[in-house]
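Data block below; observations after.
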């Protein structure tokens, strides 16, 4: 969370006509008219992402390692002998690509690409 704003809300820059501030945006507070920020429900509640080559629609906010493993392999998730690997690209500017570790989360953006693989531990 940024400034105690829940992941399912957006931060708005009121001085610019309710412009959504993304996690990686940098704003100057020097110009005239820079007066208010507010949080609230997102204008768009969903985003389209690519999961293992397939376009899917997910809720705006953050996806966890477990969320992505369940979406990619619903029948395998929870198996004691299954290990998952999650990588992503085309993400937010500050963290546009990387590997998501178990217990981790990443904020999703439109067009983000996720690759999830499942491996048998035996």
So how far apart, in nm, are the two label points at residue 96 and residue 81 if each is 7 Å from Cα heading toward Cβ?
4.2 nm
Separation of alpha-carbon centers, the range 74-122 and the range 58-73, rounded to whole Å:
8 Å
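Readers should treat all values here as calculations from the given coordinates under stated rules, not as data from a laboratory. These numbers come from a predicted model, not from an experiment. So basically every Cβ, Gly included, is an ideal-geometry build from the backbone, and we count neighbours across all protein chains shown.
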